[in-house]
Amino acid sequence: MSESENKKNVGLPMASRWDPGKLRQEEAHLQQLATQPFLARIRGYAKLTGPAWLQSAMTLGAGSAAASVMAGASFGYALLWVQPVAMLLGIIMMGALGNVVLTTGERPYGAFARELHPAVPFLWALGSIVASIIWHFPQYGLAGAAIWDLATLAGVPADPTAIPYLVKFAGGAAILAMSIVVTWNYGAGTRGIRIYETFLRWVIRLIILAFLFVVIKTGVDWGALWRGFFGFTIPSGKDGLTLVLGAVGAAVGINMTFLYPYSLLAKGWGKHHKGLSRYDLFSSMFLPFVIVTSLVIIAMANTVYDPAAGVLRTDLRPVDAARSLEGLLGSSLGRIVLDLGFIGMACGAISTHMVVCGFTGCEMFKLDYTTRRYRMFTLLPAIGILGVAFPSPLWMPVAASAVALTLLPIAYITFFVMSNKRSYLGEAAGTGWKRALFNLAMIVAILFACVGSAIKIKSGVIDKIFPPKSPAATQIAPPMPAMPPQG
């Protein structure tokens, strides 16, 4: 590779806007922190987190909302363990990818093309863009339903029939405008990155507060909570196993894996940030995801779950869950708070989908990164605003499932190969039992991704094209819905 080509492929132009002096000071501070006791390191890292908030906001979207509502309404506390295990496996693969990028400082698209094959990053990028566009529709659908529910509480009449559509589209347009502002700031240098990351932090904090309010109002069965997290219950029957495996294997979307390394580079992070990046994944991605999904499951278990029914509640939408709280709490406050929480989940996912397309478009078409091009590509998924009132055509989620879910295991295998490529990483590939243990964890994550993708493709693609015969009853537990439980 020529010197000019290497310069073009290393880092991001956005990262060059960071003050080199400040970055050196940060690296020196991190090196000093690495020598400190565990608690001192944690306190130091807590002031510097950032990139994993994007992943957290993306995965806390319509898919995770619907999956958590269904789990709590159908199984009570029993499946609380599923989402933490699913996200832990995803973080293992993110950690492997982060090690590769932070060791070299090289943008992964070009590196994977050179070290493996040009088709590998192309398919990775294609899956990311397709997933971001198609999964944009249900985010607006979730937001539109919650907005209309709030409008009905305010006394807005549903007659004539055009009024609900006008309200939903007005709300969707406001969300799109806000998302454009914050995502375009992300492409405007270091100040924009700080603004966007602060926006995501507060969105996620507000989501947590909204669902925490409901859980406090409805109470917690602590014994059931403990069994739910550590009992590893699997619903009886073949379909119950399918439900759990599908959720565990598809919690992380392929678009999340593409965004993560570029968000690291956009921060100017390098090899001295590895410890910080691992802490960031745990504190900014794993914990918020587990807290929010658990709070939704608990709220539904406390309000909707009927242990005597033994039926999977596939008919219950997030907005229906919000309405169910009105009678229980004796006022509309719980319904309002939950609706606002669902709107927050949708907003976070919408903006991160746009950021994904901004980076991915430039890389996929081998264009020099500029703020103008980044902003242009962020608008690719904007068509999803139609989802506020109209679901995406049947072929769109089928296509998304076929492309994205097939490519996710391939992306995982790529990360595994690259993280063990000593000719590329050198000593950073690791040695001894630690390397063997981490490789084993990655293999487990890959296997679950393959199984989860196969289940999702069957339910989201094959069963849509060749519908199976309708069962006599919908007893627990039918196959997982077509959309994966991520943003």
Regarding the stretch 111-129, can at least one residue be identified that is at pLDDT 85 or above, under 27 Å from G344 (Cα atoms), within 15 Å of the chain's Cα centre (by Cα) and among the β-branched types (V, I, T)?
yes
Tally of residues being assigned to a helix (DSSP H, G or I), surrounded by fewer than 24 Cβ atoms within 10 Å (Cβ to Cβ) and out of contact with any Phe, Trp or Tyr (no Cβ under 6 Å at 6 or more places or on another chain) across the stretch 348-367
1
Quick one: count up the residues across the stretch 44-54 that are touching a residue at least 12 places away in the same chain (Cβ under 8 Å) and surrounded by fewer than 24 Cβ atoms within 10 Å (Cβ to Cβ).
6
All but one of (1) buried (at least 24 other Cβ atoms within 10 Å of the Cβ); (2) modelled with pLDDT of 85 or more; (3) in a helix (DSSP H, G or I); (4) not small (G, A, S) hold for V248; state the number of the condition that does not hold.
(2)
Of everything in the stretch 210-229 that's among the small types (G, A, S) and touching a helix residue (DSSP H, G or I) at 6+ places or on another chain (Cβ under 9 Å), which residue is surrounded by the fewest Cβ atoms within 10 Å (Cβ to Cβ)?
G219
Could you check, for the stretch 142-155, whether at least one of its residues is closer than 30 Å to P261 by Cα and buried (at least 20 other Cβ atoms within 10 Å of the Cβ)?
yes
From A86, A57, A73, A66, grab the single residue that is crowded, with 20+ Cβ neighbours inside 10 Å, in a helix (DSSP H, G or I) and touching a Lys or Arg at 6+ places or on another chain (Cβ under 6 Å).
A73
Go through (1) surrounded by fewer than 22 Cβ atoms within 10 Å (Cβ to Cβ); (2) more than 30 Å from Y424 (Cβ to Cβ); (3) hydrophobic (A, V, I, L, M, F, W, C) one by one and return the number of the condition F137 breaks.
(1)
Considering only the stretch 267-317, state which residues are outside any helix (DSSP H, G or I) and in contact with a Lys or Arg (Cβ under 8 Å, 6 or more places away or on another chain).
V304
Taking the condition of being more than 13 Å from A299 (Cβ to Cβ), charged (D, E, K, R) and assigned to a loop (DSSP other than H, G, I, E, B), how many residues in the stretch 211-236 meet it?
0
Taking the conditions exactly as written (modelled with pLDDT under 95, of a type in the set (S, T, N, Q), under 23 Å from I91 (Cα atoms) and out of contact with any strand residue (DSSP E or B) (no Cβ under 7 Å at 6 or more places or on another chain)), does S392 satisfy them or not?
no
Within the stretch 377-389, which residues are part of a helix (DSSP H, G or I) and either crowded, with 16+ Cβ neighbours inside 10 Å or at pLDDT 95 or above (or both)?
F377, T378, L380, P381, A382, G384, I385, L386, G387, V388
Does the stretch 137-187 hold any residues that are of a type in the set (G, A, S), part of a helix (DSSP H, G or I) and farther than 17 Å from A322 by Cβ, and which are they?
A162, A170, G172, A173, A174, A177, S179
Could you list, in sequence order, all residues of the stretch 255-307 that are under 27 Å from Y77 (Cβ atoms), out of contact with any Phe, Trp or Tyr (no Cβ under 9 Å at 6 or more places or on another chain) and aromatic (F, W, Y)?
F282, F286, F289
Note: among G219, G189, G240, just one is farther than 26 Å from F415 by Cα, at pLDDT 80 or above and not aliphatic (A, V, I, L, M), namely G219
Counting only residues in the stretch 38-72 that are within 28 Å of M354 (Cβ to Cβ) and of a type in the set (V, I, T), the one nearest to the chain's Cα centre (by Cα) is identified as T59
Considering only residues that are of a type in the set (D, E, K, R) and assigned to a helix (DSSP H, G or I), look in the stretch 410-456 and name the one that is farthest from L116 (Cα to Cα).
K456
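The values are calculated or read from the model by the stated rules, or taken from the named source; none is laboratory data. Just so we're clear, the structure is a prediction, and the values are computed from it rather than from any experiment. Ideal geometry is used to build each Cβ from the backbone, glycine not excepted, and the neighbour counts take in all protein chains shown.
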